[in-house]
Structure formats: structure tokens, C-alpha cells
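A.B. asks: The structure that follows is given in the form of C-alpha cells.
Here, each number is a calculation from the coordinates, and none is a lab measurement. On a predicted model such as this, the values are computed, not experimentally measured, just so you know. Backbone-built Cβ (ideal geometry, glycine too); neighbour counts: all protein chains shown.
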Amino acid sequence: MKITVLNAGFAAILLGFSGTGNAQTNLGIPSSLAVQADSASYADIADLVVISSLIVDANVRNLRKIPPEQAVGVPANLQRMLVEADIVTLIRGQEGVAPRVRFLLDIPKDAKGKIPKLKKQRLFLLGSSVAGRPGEIRLSRPNALIQWSAANDILVRAITKEAVQIDAPEKITDITSAFYSAGTVIGEGETQIFLKTAKEQPLSLSVLSRPGEEKRWAVSTAEVIDESATAPAKFTLLWYRLACELPRSIAAEMVEAADSEGAAKVQADYNYILDSIGPCGRKR
């Protein structure tokens, strides 16, 4: 039996929304283990979605301790558990998923050596299927869990919907070059910054300055910079890539400038972009 993928449509990201529609939230699961139900950031959820080929909404059914002799290398402050969970919804996964899954989880112990109660908790599990082992999941990270809440449900589905698109923004790995072009009048000019992405997807930034006007910056995902390009909306996957992956400064050797004034304008415009994007917001 396989559960089919449901549409991940959504109306809008609810800014500042704290979903408490599930009575099983805030039961002491540490943020080091799972993204929290009532204080998640877009970046914390996106970090997990973009690296996971399988995403499910599930209820924890049972947990069993793994004997120490079978958990070699696990630190003393962690307890390795075999977790069984019943699937509520498959959000991402081309091959479907079994109605019940199991996975290994290293859970932090408290000062008394106890672990938080996960049984009956509703969680998003983010990882991949294990080849040749139906019903087995390997988490993308040791803490690739997200507590269920109405707000988190919206975010997981919205980010997944963007991430599965053919032209989804890829990871930014570096700045390849940047230059400044002066305009025909004093105070007019344009900075262009070209970025390197994981799969060589074209990505560039531009800042246009005109006398008496506010600077305008834009991002282009085409080979040729489109004059209609704009800055990305906040809390979208493209915004996340820029906010969380852009270097904090441009290396001097990447700036193609004929003089120090041009190089200074590039750096100033790049700082303007970073300030406009705002902080990544990652909490863990």
C-alpha cells in the first residue's frame, strides 16, 4: 500500500502566526531535536526541506531503546531509539511511503538520564527512504524533525511546493565576479554581482542608482539580466537562499574595477542588498 502525494497548495505565509491547534505541542521536546511548534523560523524549516527527498506528517506510535552494544559511538548523553510512526500524510516522495515507518533517532537525555516523551507526538519527518527496506526512513539530519502545528504545516507545504519545481533556487556556493558601471550623469550607475550555485543555475544581483532616487536592487535567474527583475518577496525559497547563503562580504579579487572608487561602490551596493534582504533568521 502506498499513500499518494497531496497537493501542497497554500494561500499565504502567516507572519508571526503561532499555531496551537494541536493539543500535543510544547511537551518538552528540545529544539536541538526538533523544530519547535510555536517558534519555528522559515530558515529552520527550509534547511530541512531542501535536503529531503521524503517528507511525511506522522504520529509517533512506539519507541524502543537500542541496546548500548548496538549503538557503538553514540555519546553517553544520547539514547538511540528505534521509532515507529503512523503516516498521516505524504508531503513529498515520488515512490510513496508505507502506512507505518520506522527510523533511528538519537534523543538527548536530561540531567536525570531521562528522555522526552515522544509517543503520540505528531511530527514532520524529513529524510529519505532506505533502498531495499520498505517502511524504513533515514533522517536527513539527526534532528530532522519538526513539531506539528498549523503554522508549521503551512510552512512545510509552502516550501516543499517551491522546492520541487524544476527551476527551484539552488544552493548559493560563492560569488564569481562583480563590477560597477558608471552612468552618463553624476550619481548614476549600476552594480552587477554574479553568483555561483550548486548546479550552475544562473543567478545574479544588480543595484541601480539614479540621482534623486532610492537605490533599486533586483535578482535575476536568467542568463541575461532581465530589466523587469525585482527583489524577491520575503519568506520565499529565493529569499531564503540569499538571506542564509550569501557571503557576508565580497572578496577583493572578485571585484572587476578599474579604480578604488568603483570597487568601493560595489562593496557599498552589496552591503545595501544584504541590509535589504535582512537576517536569515535561523534559530538552530
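A.B. asks: Under a 5 Å amide H to amide H cut-off, with H placed in plane at 1.01 Å, what residues pair with Ala98 once short-range neighbours are removed?
C.D. replies: For Ala98, the qualifying residues are Gly135.
A.B. asks: Please get the size of the charge dipole for the chain, origin at its Cα centre, with Cβ charges of +1 on Lys and Arg and -1 on Asp and Glu, quoted in debye to the nearest 20.
C.D. replies: Computed about the Cα centre, the dipole is about 2280 debye.
A.B. asks: With springs only between Cα atoms under 10 Å, which of Arg157, Arg141, Arg92 fluctuates most in a Gaussian network model of the chain?
C.D. replies: Arg141
A.B. asks: Would you calculate a helix-derived [θ] at 222 nm for the chain, using -39,500 (n - 2.57) for each DSSP H run of n ≥ 4 and dividing by the full residue count, to the nearest 500?
C.D. replies: Value at 222 nm, helices only: -5500 deg cm²/dmol.
A.B. asks: Anything over 22 Å Cα to Cα? Flag those among Lys215/Lys283; Lys161/Lys234; Lys65/Lys119, in the order listed.
C.D. replies: Lys215/Lys283
A.B. asks: Right, here's the next one. Near the amide H of Gln79, under 5 Å away, which other amide H atoms are found, from residues 5 or more places off or on another chain, if H is placed in the peptide plane?
C.D. replies: Under 5 Å from the amide H of Gln79 lie the amide H atoms of Ile107, Lys109, each far enough along the sequence or on another chain.
A.B. asks: Taking 8 Å as the Cα distance limit and 6 or more residues as the minimum spacing, I'd like the relative contact order of the chain as a percentage.
C.D. replies: Across the chain, relative contact order equals 19 percent.
A.B. asks: Further question: Which shape class, rounded, prolate or oblate, goes with the stretch 13-169 when its Cα gyration tensor gives a ≥ b ≥ c as root eigenvalues, a/c under 1.5 marks rounded, and past that a/b bigger than b/c marks prolate?
C.D. replies: Taking the square roots of the gyration eigenvalues as a ≥ b ≥ c, the stretch 13-169 is oblate.
A.B. asks: Let me ask something else. Which cross-chain or sequence-distant (5 or more) residues have an amide H under 5 Å from the amide H of Lys196, H modelled 1.01 Å from N in plane?
C.D. replies: Here Thr173, Asp174, Ile175, Thr176 satisfy the definition.
A.B. asks: Determine the shape class of the chain: with a ≥ b ≥ c the square roots of the Cα gyration tensor eigenvalues, call it rounded for a/c under 1.5, and otherwise prolate if a/b is greater than b/c, oblate otherwise.
C.D. replies: Because a/c hits 1.5 or more and a/b exceeds b/c, the chain counts as prolate.
A.B. asks: Students often forget the sequence filter, so: which aspartates and glutamates lie under 16 Å Cα-Cα from Lys114 once same-chain residues fewer than 8 apart are removed?
C.D. replies: Asp106
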